[in-house]
1. Going by the conditions given, is residue 209 within 18 Å of residue 47 (Cα to Cα), in contact (Cβ under 8 Å) with a residue 24 or more places away in the chain and buried (at least 20 other Cβ atoms within 10 Å of the Cβ)?
2. Which residue out of 99, 108, 27 is farther than 28 Å from residue 181 by Cα and without any contact (Cβ under 8 Å) to a residue 60 or more places away in the chain?
3. Can we say residue 41 is in a helix (DSSP H, G or I) and either more than 30 Å from residue 271 (Cβ to Cβ) or touching a strand residue (DSSP E or B) at 6+ places or on another chain (Cβ under 6 Å) (or both)?
4. State yes or no: is residue 214 farther than 30 Å from residue 335 by Cβ and in a loop (DSSP other than H, G, I, E, B)?
5. Just one of 335, 282 is in contact (Cβ under 8 Å) with a residue 12 or more places away in the chain, over 22 Å from residue 359 (Cα atoms), surrounded by fewer than 19 Cβ atoms within 10 Å (Cβ to Cβ) and in contact with a strand residue (DSSP E or B) (Cβ under 6 Å, 6 or more places away or on another chain); which is it?
6. Name, by its number, the condition in (1) free of Cβ contacts under 8 Å to residues at least 24 places away in the same chain; (2) in contact with a strand residue (DSSP E or B) (Cβ under 7 Å, 6 or more places away or on another chain) that does not hold for residue 125.
């Protein structure tokens, strides 16, 4: 896919020395000189990411909660206070993942969703089609920009730059909650395993905020650091760790599927059939014991038997080791090998995540 689309920050990235690459049809910064330094800035201080390519979708109507109860695998009944957020997969009838997303309950007749960049068109088409019987209005907000500010000092550095009427509410936000002044929207969410904000604001004001954050000592970061940070945090990437052919049960996302009650959501019967059949693959963390780099689609073996593959892999700057997430057969052993260019190298299975809040969660 060509990189024909540009976010409102494209010129600023170039001015700040970014190396640009095509990503899901967008021209995006991969780094501003050092991916490793950007990664460490987020783990130790504060970094920021251009996430304007992601799409905010506003859903409005009297039956919007009822609609989302049917649309999403996680249960929006958990959202009882305005501003509360929920992470969920949106499934097809076969139980495959159309997208993973965050949904915010803002008011009884207004929920806000943030969906992935590369899946925006199919997501909006699917949501619109499913919403018709409920009379819910689906509005993709292409007039908005979005900046993620992440790291132990991210909130402290971002708060003074928020509109005065929103600052106090943003300072009080608990994780996975959002506040809005009707103009700007701030969620205490992220994709790095660190604390921080995702700030949604009018596109026309986005460049000024990016520059102000840079002046406040927040380091601009590209897609490279975004990927190593989310990998260390054990967070799935749509299109790599799960897709329309993969159920959330086989992608380590069973915790996001609410099946305790009788709620009939799209894909439920397919998931129940998978559970009844058993043998659902396990989604695990792996550490490479030898020298090399783990990458997606490398084959994994238990002895001579092929038992799965790496879904996401790379070098962990925090652990200084090659790490990966993998989908392996339910009966695969603890000691596994990976095929890297025809050589078998030992893997150690570990519990995800690898790193949270700057600290290693596994024993090396």
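The values are calculated or read from the model by the stated rules, or taken from the named source; none is laboratory data. For clarity, every value in this text was computed on a predicted model and none was experimentally measured. When we count neighbours, we look across all protein chains shown, and the Cβ atoms used for this are built from the backbone with ideal geometry, even at glycine.
1. yes
2. Details: 99 fails: without any contact (Cβ under 8 Å) to a residue 60 or more places away in the chain; 108 fails: farther than 28 Å from residue 181 by Cα.
So the residue among 99, 108, 27 that is farther than 28 Å from residue 181 by Cα and without any contact (Cβ under 8 Å) to a residue 60 or more places away in the chain is 27.
3. On the way: in a helix (DSSP H, G or I): yes; either more than 30 Å from residue 271 (Cβ to Cβ) or touching a strand residue (DSSP E or B) at 6+ places or on another chain (Cβ under 6 Å) (or both): yes.
Taking the combined requirement at face value, the residue satisfies it.
4. Working: farther than 30 Å from residue 335 by Cβ: yes; in a loop (DSSP other than H, G, I, E, B): no.
Answer is no for this residue.
5. Of 335, 282, the one residue that is in contact (Cβ under 8 Å) with a residue 12 or more places away in the chain, over 22 Å from residue 359 (Cα atoms), surrounded by fewer than 19 Cβ atoms within 10 Å (Cβ to Cβ) and in contact with a strand residue (DSSP E or B) (Cβ under 6 Å, 6 or more places away or on another chain) is 282.
6. (2)
Condition check ((1) out of contact with any helix residue (DSSP H, G or I) (no Cβ under 6 Å at 6 or more places or on another chain); (2) free of Cβ contacts under 8 Å to residues at least 12 places away in the same chain; (3) in the same structural domain as residue 286 (by TED's automatic domain parsing)) across all residues:
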position	(1), (2), (3)
191	no, no, no
200	yes, no, no
205	yes, no, no
213	yes, no, no
216	no, no, no
226	yes, no, no
245	yes, no, no
255	yes, yes, no
